[in-house]
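Written out below as structure tokens is the structure these notes cover.
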Amino acid sequence: MQYSYSKLIVNLKNIKNNLNIIKKIFKKTICPVIKANAYGLGDIPIANFLVRNKCKDYWVANIIEALKIKKSISNINIYVANGLNKNEEEIFFKNKFIPVLNTYEQFKKWTTFLNKKKNFKKLAIQVDTGMCRSGMQDEDILKVYNERSSLKKFKEVIIFTHLASADEKKSKYNNDQKNKFIKIKSMFQSPNCKFSLAASGGIFLGKGYHFDMVRPGIALYGGKLFFNKKLKNVVSLISPVIQLNYLKKGETAGYNQTYKAKKGIFTATIPLGYADGVKIKISNIGHVYYKNIKLPMIGRISMDLMIIDISKVKNELKIGDYLEVFGKNITLDDFAKISDTSPYDIITSISDRCKKIYVN
Ligand SMILES: *Cc1c(COP(=O)(O)O)cnc(C)c1O
């Protein structure tokens, strides 16, 4: 017996396609970003798949994510972007996580700790080149520079930064940040020092942005396909019809009567609402697809449900048939645009009520 539920279909073959495109452009270390449950796609299955495809380094936001992944997957390097916060030295050390040191204070705390442990493997530092979010600012960078001889004992020191406008190819800000990073790089010229600037967008800005490691997230998962025409869509969101109704001329659908039928229409209800990550903003604007036929969303999106005008396909569509919200007929990017948000926001908001189905 099959239950009726919404499904997020994740096409692993297309993740591999996207990874291979990056591999073609960039021959050094690729560090996939699997924060936020691998952008909602499922961190464990995605990381397992990427491990099978030879990725050894991973980027997450915080220690909770790192601990969850570590339970299932060993022998990978996990960079924890939010750095070393209160009393976290032991837990980082015990689990071999690499804290991304975002301030001089974190740097001091962690290197002092590692000195005591006589452990000098990887050290990760983030520098701020214009995002003003996380990473050391000039004063802190200078302090580390003044202690640069202490970096020599580490097997590898990797210095990260992050672009603020990598999705705007023409933005001058990218070049400014790159130049600032090159300056910082020149301060830390030692064979054990490596550098990483590019996330998805930066990878496609050209070789000058590549350095030693790249950190792709969205490009692997099928968002921002405009970065490169060979990137493929990865996720599809589909939802089954659970009720069919008829709305007479003049009747209204949904909360607060935001939709009023101009003529009699046939409607379907699907179990997908704003609690599943469909934005309320798309109410009365968005569409879903039956095969390749575009059907309007009507009324206000509810928490768990939405209503679709299915008049165009009323003779064909049955209870249990699936309607596509995004995927083949409309890309994640275009769906995000209509929702007045980013593809990142859409996929990281898809609820666990949508069962993830991995296809090859
Ligand atoms: C989220 C994030 C990434 C990945 O960004 P994408 O645009 O999804 O490739 C890389 N680096 C840092 C610092 C991030 O915060």
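The values are calculated or read from the model by the stated rules, or taken from the named source; none is laboratory data. Given the structure is predicted, the values throughout are model-derived calculations rather than measurements. Ideal geometry is used to build each Cβ from the backbone, glycine not excepted, and the neighbour counts take in all protein chains shown.
Could you please let me know if LYS356 is in contact (Cβ under 8 Å) with a residue 12 or more places away in the chain, in a strand (DSSP E or B) and basic (Lys, Arg)?
Working: in contact (Cβ under 8 Å) with a residue 12 or more places away in the chain: yes; in a strand (DSSP E or B): yes; basic (Lys, Arg): yes.
So LYS356 passes the test.
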Residue count, the range 67-109, condition buried (at least 18 other Cβ atoms within 10 Å of the Cβ) and without any contact (Cβ under 8 Å) to a residue 24 or more places away in the chain, comes to 3
Go through the range 246-296 residue by residue and tally those that are under 16 Å from LEU317 (Cα atoms) and of a type in the set (D, E, K, R).
-> 2
Quick one: how many residues across the range 174-228 are farther than 25 Å from ILE141 by Cβ and among the aromatic types (Phe, Trp, Tyr)?
-> 4
Per-region count, the range 332-347, residues crowded, with 18+ Cβ neighbours inside 10 Å, part of a helix (DSSP H, G or I) and either among the acidic types (Asp, Glu) or out of contact with any strand residue (DSSP E or B) (no Cβ under 7 Å at 6 or more places or on another chain) (or both) | 5
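Sort out for me the strands (runs of 3 or more DSSP E) sitting completely within the range 274-331 that have 3 or more residues that are more than 24 Å from the chain's Cα centre (by Cα) and of a type in the set (Lys, Arg). First the steps, then the outcome.
Details: elements: 287-290, 293-298, 306-309, 322-326.
Fully inside the range 274-331 and qualifying: nothing.
So which of LYS169, LYS207, LYS178 ends up being out of contact with any His (no Cβ under 7 Å at 6 or more places or on another chain), away from the ligand (no atom under 16 Å from the Cβ) and among the basic types (Lys, Arg)? Step through it out loud before you land on a result.
Details: LYS169 fails: away from the ligand (no atom under 16 Å from the Cβ); LYS178 fails: away from the ligand (no atom under 16 Å from the Cβ).
The match here is LYS207.
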Only one of CYS55, CYS31 that is within 16 Å of the ligand (Cβ to nearest atom), crowded, with 18+ Cβ neighbours inside 10 Å and without any contact (Cβ under 8 Å) to a residue 60 or more places away in the chain = CYS55
Scan of the range 241-268 for residues that are surrounded by fewer than 21 Cβ atoms within 10 Å (Cβ to Cβ) and either in a strand (DSSP E or B) or not assigned by TED's automatic domain parsing to the domain that holds ILE307 (or both), ordered by number | GLN243, LEU244, ASN245, TYR246, THR252, LYS260, PHE266
Cβ pairs under 9 Å, 6+ apart or interchain, first in the range 13-26 and within 15 Å of LEU225 (Cβ to Cβ), second polar (S, T, N, Q) and part of a helix (DSSP H, G or I), ordered by first then second residue, are ILE22/SER200
Boolean, LYS122 is touching a strand residue (DSSP E or B) at 6+ places or on another chain (Cβ under 6 Å) and more than 16 Å from the ligand (Cβ to nearest atom) = yes
Wholly within the range 132-234, strands (runs of 3 or more DSSP E) carrying at least 1 residues that are of a type in the set (S, T, N, Q), outside the structural domain of VAL325 (by TED's automatic domain parsing) and modelled with pLDDT of 95 or more | 193-199
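I need the strands (runs of 3 or more DSSP E) fully contained in the range 1-114, keeping only those with at least 1 residues that are within 30 Å of GLU139 (Cα to Cα) and either among the basic types (Lys, Arg) or touching a Leu at 6+ places or on another chain (Cβ under 8 Å) (or both). Break it down stepwise before answering.
Details: elements: 7-11, 57-60, 77-80, 98-101.
Ranges flagged: 57-60, 98-101.
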Which of the residues spanning the range 217-231 are within 20 Å of THR341 (Cα to Cα) and either near the ligand (Cβ under 9 Å from one of its atoms) or not aliphatic (A, V, I, L, M) (or both)?
-> GLY217, ILE218, ALA219, LEU220, TYR221, GLY222, GLY223, LYS224, PHE226, PHE227
